[in-house]
Amino acid sequence: MNRRRFLGVGAAAAGVAACSPLSSSVAVTPLAVPPGASVAPVSAIRRLIVERVDPVAGRCRYVADLGGQQIAHPILVARRGDRFDAIVENRLPQPTTVHFHGLALAEAQDGAGFDAIAPGASKALRFEVKNRAGLYWFHPHPHGFTAEQVHAGLAGLLVVTDAEDEALDAALGLVPGNRLALAVADARVASGALRPYTPSEEDCLHGWFGNRALANGAIGAQAPVSSGWVRLQLLNACNARGLLLGFRDNGSDGAGVPFHLLGTDGGLLAAPIPLEQVFLYSGERVDIAIDVSGRREIAAVSLAFDPRHQARGGRLAHRHPARGNFPTLSTETVCGAGAARDAADFLPDGGELALFRLRVSGIGKPAPALPARLSSLPEAAEPAGATPRRMRLDFDERLGFLIDQTPYRLDEIAFSVGRGAREVWEIRNSPISMPHPMHLHGFSFRVLRRQATFGPARRLAIHGSGRLPTDLGVKDTVVLWPNETLWLAVDFTLPGETAFSGRQRYMFHCHNLEHEDGMMMRNFAVL
Ligand code: C2O
Ligand code: CU
Ligand code: CU
């Protein structure tokens, strides 16, 4: 393991929390911890504790126990092939699971919610990291509680590296501190206080949107970086907000700062793509490089856009079968009929939002040229002769958003696919809808084409097949705009046969977490 590079990731990420003068007096649970302590190599973790730290606002955290040393809000790091072997302890008053989003895992390790860990109980979790290098993440997935628990701060990063990834850092001449892994989330902040999770029926339909951004748990975060290339691996950990990520030079009237897309959910692209803005929806990740030479301060923002929420009306009565048996994380109710949005702490989806800042020091040598090739990733290929598996995303005024008109049921299996099959999924979003970031467990996919894209995504298409820049990489989460149809090439090859024997259940769902808890999810089996 390359310890120095890992510490570089950690120190940089920790810097965000440690050096972030909060722009209000809000006490936020940071996802990163003081320098030197934030990074936990997956193979060193003995226990992963899930606990509540603030019962009033309902804030929670992960603590990694490395056998003596305890790290709160750990950023996990692994080299491809490393093993995770730890006991997960649930100290929440609700059932929870730990789902490693994006990893190729068997059902028993996927933490998808089929066998949630009861309050006070523990469970062993063992697996090998088989995925390509990239940014992955872990979060709770107990059906009906996912949105509340992720919002409470339970969203941790996993940075996976390999030889290609390290070669890129060397080619960029990255100095320590110039590689950052950041989870961006949004929260409602009013009168200096972080508001607990109390979605109204309206929020359950459209998603929970806050008015302030948190980067690794800190509001108004700033990271010190040095002149040259900065490599940012970013996760959209918002419950529901879509981000149109862009950068501005605060030293020159806020002029846009161009950047290069290096990678997506499942690792590096074949070649970098120069961009000025990129969509990043809930659950998606991007890996980008910015040349900060000659600049003093760069602001990362979500630019204003029309999010095309076209579904209106309907009273959503969410049925969370298990919810009634457990208390909420905060002292306030969840999804209560009486809850109403407060204009003071609400910024609608698509509103401009400041995310974090990079403060540049030093006048280094000029940044080296970006490598023309980043990885050996092949172009997406359509499997010959495959009959597409069709799915529709619907809107129902009574039930909300659904997949194929069917609300989620834990014990249902919507369809089965053959082990090793290579399928084409044709997914169509209804015209009366909103963007849905659809996520597949256990397997990655490639986007083959998009059709009937309207709205702000359309002008960002860079490819004859209607694809967006992020569509050119390996994906596990992809956004469908209203009225759009997407074709995905999904490869159901299971790595490591012994760990995956027998029927395996996985899920496909919307990663707008209010939609996920609101039943926009289906199980399928791999036989
Ligand atoms: Cu990020 Cu099914 O989850
Ligand atoms: Cu997932
Ligand atoms: Cu959705």
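If you wrap the Cα atoms of the chain in a convex hull and average its projected area over all directions, you get 21.8 nm². Restricting attention to region 376-456, close to 50% of DSSP beta bridges with both partner residues there are antiparallel. What the chain shows is 34 Å² of accessible area per residue, with the surface traced by a 1.4 Å probe over protein heavy atoms. I'd like the FRET efficiency for Asp306 and Thr331, computed as 1/(1 + (r/R0)^6) with the beta carbon distance as r and R0 of 45 Å, rounded to 0.05. Efficiency at R0 = 45 Å is approximately 0.80. Value of Rg to Rh for region 144-199, rounded to two decimals, is 1.19; Kirkwood radius and Rg both from alpha-carbon coordinates.
Stretched out straight at 0.36 nm per residue, the stretch from Ala452 to Arg296 would grow longer than its current Cα-Cα span by 52.0 nm. Looking at the chain alone, DSSP beta bridges between its own residues are antiparallel in about 75 percent of cases. In whole percents, the pair-distance distribution calculated for region 194-241 from its alpha-carbon pairs, binned every 10 Å from zero, is 19, 42, 24, 11, 3.
Our estimate of slack between Arg389 and Glu352, defined as 0.36 nm per intervening residue step minus the Cα-Cα distance, is 9.6 nm.
With the crude spin-label approximation of a point 7 Å out along Cα→Cβ, what separation in nm comes out for Glu379 versus Arg359? Distance between the two pseudo-spin positions: 4.7 nm. A straight chain from Ala271 to Gln70 at 0.36 nm per residue would run longer than the Cα-Cα distance by 68.4 nm.
Taking the dipole about the Cα centre of region 52-198, with the C-beta of Lys and Arg at +1 and of Asp and Glu at -1, give me whichever of Ala152, Thr97, Gly67 is farthest to the positive side. Result: Ala152, furthest along the dipole toward the positive end.
Take the Cβ atoms of Arg126 and Ala421, set R0 to 35 Å, and the FRET efficiency comes out at 0.85.
Shape class of region 345-480 from the Cα gyration tensor (axes a ≥ b ≥ c, square roots of the eigenvalues): oblate, since a/c reaches 1.5 or more and a/b does not exceed b/c. With a Förster radius of 25 Å applied to the C-beta separation of Arg47 and Ala118, the computed FRET efficiency comes to 0.90.
Beta bridges per DSSP, both residues in region 148-259: antiparallel share near 60 percent. Distance between the modelled labels on Arg409 and Asp253, one decimal in nanometres: 6.2 nm (7 Å Cα→Cβ projection).
Only protein atoms count toward the accessible area here, which uses a 1.4 Å probe; on the chain, the carbon and sulfur part of that area reaches 52 percent. Panel values: region 365-443, Kirkwood radius from alpha carbon pairs, Stokes-Einstein at 25 °C and 0.890 mPa s, translational diffusion coefficient 148 µm²/s. Summary of packing: across the peptides 470-481, 444-455, the per-residue average of other C-beta atoms within 10 Å ranks them, highest first, as 470-481, 444-455. Using the Cα coordinates of region 126-282, the gyration tensor eigenvalues translate into equivalent-ellipsoid semi-axes of 29, 21, 14 Å, sorted from longest to shortest. Label separation (Arg459 vs Ala163): 4.4 nm, computed from points 7 Å beyond Cα along the C-beta direction.
Here is how the number arises for the chain: DSSP H runs of 4 or more residues each give -39500 (n - 2.57), the sum is divided by the residue count, and the result at 222 nm is -2500 deg cm²/dmol. Packing around the peptides 201-212, 289-300, taken as the average count of other Cβ atoms within 10 Å per residue, puts them in this order, highest first: 201-212, 289-300.
Scoring 138-150, 271-283 by mean Cβ neighbours within 10 Å over their residues and listing the highest first yields 138-150, 271-283.
The values are calculated or read from the model by the stated rules, or taken from the named source; none is laboratory data. Since the structure is predicted, the reported quantities are computational estimates derived from the model, not experimental observations. Note that we place each Cβ from the backbone using ideal geometry, even for glycine, and neighbour counts take in every protein chain shown. SASA here: full protein model, heavy atoms, side chains in, ligands and nucleic acids out. Shrake-Rupley method; radii C 1.70, N 1.55, O 1.52, S 1.80 Å.
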